[in-house]
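A short write-up of the structure that comes next.
The values are calculated or read from the model by the stated rules, or taken from the named source; none is laboratory data. On a predicted model such as this, the values are computed, not experimentally measured, just so you know. Virtual Cβ from ideal backbone geometry, glycine too; neighbours counted across all protein chains shown. In case anyone asks, the SASA skips ligands and DNA or RNA and just uses the protein heavy atoms, side chains included. Shrake-Rupley method; radii C 1.70, N 1.55, O 1.52, S 1.80 Å.
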Amino acid sequence: MSFSWWFSKKIALGKNTKNNLSSIIIRVGQIAVALGLIVSLVTISTGVGARKAIKEKLADFNGHITIRNYNSNTSLNSDSLSLHQAFYPKFKSIPEIEHVQAIANKSGVIRTDENFSGVVFKGVGTDYDSVRFEKFMVKGHFPRINKDSIMDEVLLSKKIADEMKLDVDSSFVMYFIQEDTKPIYRRFTISGLFKTDIKNFDDQIMFGDIKHVQRLNRWDSNTVGGFELFVNDVENIDPVAKRVQENIPYNLYAESATASFAQINDWISIFDKNIVIILFIMLFVVVINMVMVLLILILERTHSIGILKAFGATNWRIRKLFINYALFIMLPGLIAGNAIGLGLLLIQKYFGIIKLPAENYYLSTAPVYLDFGTIVLLNAGALLVCAIVLLLPSYMISKITPAKAINFR
């Protein structure tokens, strides 16, 4: 066993360190380490959790990647596109794509006896991944889509339903504006309600049978408005979108969810900057406290340093001893910080105690993302950085001479 390691462990855990003046400074240093780790864990877990939750919500609701006709304009209505594509129903040339589904949009107005609301009817078929949508459901069920017959069930956002005083099993009339004819109306029955906490979706989207859109637009069953693609990793959307664009006909274009909602994604990127800033501040506080602790320990142990030098210990060996000593002092702080920080995060993860204003954060509760590798790296990084930084204050040990140190009181 290394002498420096053994000796530092002995003095760090020895009884003689319990009843002296430095014990107060040591305790302050340990509290600083614990608080720094708690804040860092909470910042990383909630920051990354929020970024992933919002990004997944945007992508899962509207498709990770959408393919549309180049002729599509900025209106809410879909342009026509043939269902017969090389990438449908399976995008074989890009294995990262898990699912492809056809959709078509048509804008209209819901009208009741008391109110009206403009919405976008999003038509989906039997290929729609309703399982992925379950996280957004708050009541009822996803509309049943039949391949052979047209269904009148629709899925409405809870916000629109509340404003229109509608509920599951309620029926209403929706008017569709046609360019060359009079408005056409259809009666629908609500099969379920959804909630995403994202204003763009909750204020205007309604799901139903794609055959309604096809009939209203006078399309045949092989004509749709576009395709939604889902990849196996939401963090890998943009590079896959570029590859999709290279593998589809020239008259089509592929757009990733991050590009479709650029403003929201720019806002999400602020989380990463905040995480870096907070981690830097916390690490700076921890380092300053540990440097202070080490300097006090060196001053308090000047007499012992002189004796060690008189017995032939080198400056480097004594410096390692005190660095190890300081790191030993950090360990209780790290243990307490991990226990408290992870405990708070697990409580939030499973009970959702802390709520968020959905209109500002697109989330109703503070999300938590726990990654074992990140936690290990955070602890190891704190120890490593402190060990490197503590080399500088430990340099004053080389300035201590045995004769003066032994006589130091």
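Mind listing whichever residues of segment 200-246 are surrounded by 20 or more Cβ atoms within 10 Å (Cβ to Cβ) and among the β-branched types (Val, Ile, Thr)?
Of everything in segment 200-246, those that are surrounded by 20 or more Cβ atoms within 10 Å (Cβ to Cβ) and among the β-branched types (Val, Ile, Thr) turn out to be Ile205, Ile210, Val213, Val224, Val231, Ile237, Val240, Val244.
Mind telling me which of the residues Val109, Val119 ends up being of a type in the set (Val, Ile, Thr) and either touching a helix residue (DSSP H, G or I) at 6+ places or on another chain (Cβ under 8 Å) or buried (at least 18 other Cβ atoms within 10 Å of the Cβ) (or both)?
When all the criteria are applied, what remains is Val119.
Given segment 293-406, what helices (runs of 4 or more DSSP H) lie entirely inside it while holding 3 or more residues that are at pLDDT 85 or above and either touching a strand residue (DSSP E or B) at 6+ places or on another chain (Cβ under 9 Å) or within 18 Å of Thr46 (Cα to Cα) (or both)?
Output list reads 315-351, 372-389.
Where in segment 189-269 are the helices (runs of 4 or more DSSP H), entirely inside, with at least 2 residues that are in the same structural domain as Ile103 (by the TED database)? Walk me through how you get there before you give the answer.
Numbers: elements: 199-202, 210-216, 237-246, 257-260.
Once the helices (runs of 4 or more DSSP H) in segment 189-269 are filtered for at least 2 residues that are in the same structural domain as Ile103 (by the TED database), what remains is 199-202, 210-216.
Can you confirm whether Glu179 is open to solvent by 80 Å² or more (accessible area, probe 1.4 Å) and outside any loop (DSSP other than H, G, I, E, B)?
The answer is no for Glu179.
Taking only pairs six or more apart or across chains, which ones have beta-carbon atoms under 8 Å, a first residue in segment 139-161 that is within 19 Å of Val119 (Cα to Cα), and a second residue that is among the small types (Gly, Ala, Ser) and assigned to a helix (DSSP H, G or I)?
Close Cβ pairs satisfying both conditions: Phe142/Ser130.
I'd like the full set of residues that are over 23 Å from Ala339 (Cβ atoms), at pLDDT below 60 and among the β-branched types (Val, Ile, Thr), limited to segment 1-58.
Selection gives Ile11 alone.
Of all the residues that make up segment 313-343, how many are touching a helix residue (DSSP H, G or I) at 6+ places or on another chain (Cβ under 7 Å) and farther than 17 Å from Val376 by Cα?
Adding up the residues that qualify gives 13.
Test Lys106 against the criterion of being over 16 Å from Pro143 (Cα atoms), touching a strand residue (DSSP E or B) at 6+ places or on another chain (Cβ under 8 Å) and assigned to a loop (DSSP other than H, G, I, E, B), and give yes or no.
no
Go through (1) at pLDDT 85 or above; (2) under 30 Å from Glu56 (Cβ atoms) for Tyr250 and report which single condition fails.
The failed condition is (2).
Would you mind stating whether Phe194 is touching a residue at least 60 places away in the same chain (Cβ under 8 Å), crowded, with 16+ Cβ neighbours inside 10 Å and within 30 Å of Ile264 (Cα to Cα)?
yes
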